[in-house]
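Asker: So that we are looking at the same thing, I have put the structure below in structure tokens.
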Amino acid sequence: MDAKELNALVHDREAALYDDRFMIRYDGAIGRAVERDVKRLLGKRPSVGRALDVACGTGYLAVGLAAAGIAEEVHACDLSPKMLERTRDNASSSGASVRLALCDAERLPYADATFDLVCARGALHHVPSPVDALREMRRVLAPGGTAFVVAEPTAAGERQVAVVVGLAVRAVEGLRRVRRIARDEEHHQWELASMAANLHTFEPAEIAEMARVAGFSEVSVGSAAWAWVLVLGLNYYLAGEIAFLARNRVARTLARSAIETAAAFDRLIGDRAVPASLRHTVQAVLR
Ligand SMILES: C[S@@+](CC[C@H](N)C(=O)[O-])C[C@H]1O[C@@H](n2cnc3c(N)ncnc32)[C@H](O)[C@@H]1O
């Protein structure tokens, strides 16, 4: 099995759990959240004709762009059929219209210069050749358009998440031993496969270099997020491991509050005060 087949397989399985694990809610708030993220990144609210979300997953950017009315026509594509089904359902429950395509980010099925805005969130680290994916994003971008990539993991961030989640793993396993509950081996194997589908981490300068090689002439990169990813990583592990936590309303409300507080901390303080070498994600705006 190659890296793309592995990615399609694990994300097909992940599709059912994804929104609980990443605490994404497809309701009236999705448009506001994406509009805030995009404004923060681009320095203004764009208003475009056609937008594309590459490796859309369950549709966070695509549904948000459509719900916020940032683009008149929103397209989204992914390698995983089940993720696309989730995007379709999430778009419909948010009253948004998104056109879908099943494809590989390294070979987009769109004509040159089709989109005014091309974006990818948490995508490049799953693609065997990120530079080829960036080249495709560049090819389908119309002259004068903008592309961006966000939420790509850094090596330092992954190490910190491993420490925090490692403590949670020990606590959960200790609890299981005391209560004599066997680990779900099948779930455990899927988790390992899912980790193997994370192919890369990046430094901002690496994304900048790849973007230039891919043909972008204006490249602006940066890093962000600290508390948000640590809390999200913890929720990702616990919600996948303990079904009760993913289903229970009180537990979900508490987890959501913790994640939103951590994200607000990063926006207000962390993204300025936490040293760049400790930050968890890399983003780039490309033209
Ligand atoms: C971490 S998820 C991010 C999903 C979404 N963009 C978000 O922000 O929630 C990564 C997504 O990339 C997709 N993916 C992995 N490899 C891909 C490839 N070569 N081409 C297109 N999509 C791919 C997966 O199926 C998955 O939906």
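The values are calculated or read from the model by the stated rules, or taken from the named source; none is laboratory data. Because the structure is a prediction, the values reported are computed rather than measured. Every residue, glycine as well, gets a Cβ built from its backbone with ideal geometry; the counts of neighbours run over all protein chains shown. Surface areas here come from the heavy atoms of the whole protein model, side chains and all, with no ligands, DNA or RNA. Shrake-Rupley method; radii C 1.70, N 1.55, O 1.52, S 1.80 Å.
Asker: Using a 1.4 Å probe on the protein chains only, how many percent of the accessible area of region 31-179 belongs to carbon and sulfur?
Answerer: Looking at region 31-179 in its full context, I get 51 percent from C and S.
Asker: Got the relative contact order for region 71-129 handy, in percent, Cα pairs under 8 Å and 6 or more residues apart?
Answerer: Relative contact order of region 71-129: 35 percent.
Asker: Okay, moving on. Enter the accessible area per residue of the chain (Å², integer; probe 1.4 Å; all protein chains in place).
Answerer: For the chain, the per-residue accessible area is 48 Å².
Asker: Going by alpha carbons, how many degrees (0 to 90, nearest 10) lie between the helix axis of 81-93 and the longest principal axis of the chain?
Answerer: Result, in degrees: 80.
Asker: For every other residue with a beta carbon closer than 14 angstrom to the beta carbon of residue 2, add +1 if it is Lys or Arg and -1 if Asp or Glu, then tell me the sum.
Answerer: Neighbourhood net charge equals -2.
Asker: Also: Quick check on packing: order 157-170, 257-270 by the mean number of other C-beta atoms within 10 Å, highest mean leading.
Answerer: Per-residue mean Cβ counts within 10 Å order the peptides as 257-270, 157-170.
Asker: Related question: List the relative contact order of the chain as a percent without decimals, with contacts defined as Cα pairs under 8 Å and 6+ residues apart.
Answerer: 20
Asker: In addition: Which value, in debye to the nearest 20, gives the size of the charge dipole of the chain about its Cα centre, when Lys and Arg are +1 and Asp and Glu are -1 at the Cβ? Present the calculation step by step, with values, prior to reporting the outcome.
Answerer: Details: 36 positive and 36 negative charges, 200 e Å.
Charge dipole of the chain: 960 debye, to the nearest 20.
Asker: Here's something else I'd like to know. Considering the options 15, 30, 98, tell which one lies farthest towards the positive end of the dipole of region 1-110, charges being +1 on Lys and Arg and -1 on Asp and Glu at the Cβ, about the Cα centre.
Answerer: Going by the charge dipole, the pick is 30.
Asker: Among 179, 99, 121, which one shows the highest mean-square fluctuation when the chain is modelled as a Gaussian network with alpha-carbon springs under 10 Å?
Answerer: Sorting by GNM fluctuation, first place goes to 179.
Asker: Can you give the translational diffusion coefficient of the chain in µm²/s, computed by Stokes-Einstein from the Kirkwood radius over Cα pairs at 25 °C and 0.890 mPa s?
Answerer: 127
Asker: Next up: Please give every one of the lysines within straight-line cross-link reach of residue 4, meaning a C-alpha to C-alpha distance under 22 Å, and leave out same-chain neighbours fewer than 8 residues apart.
Answerer: 82
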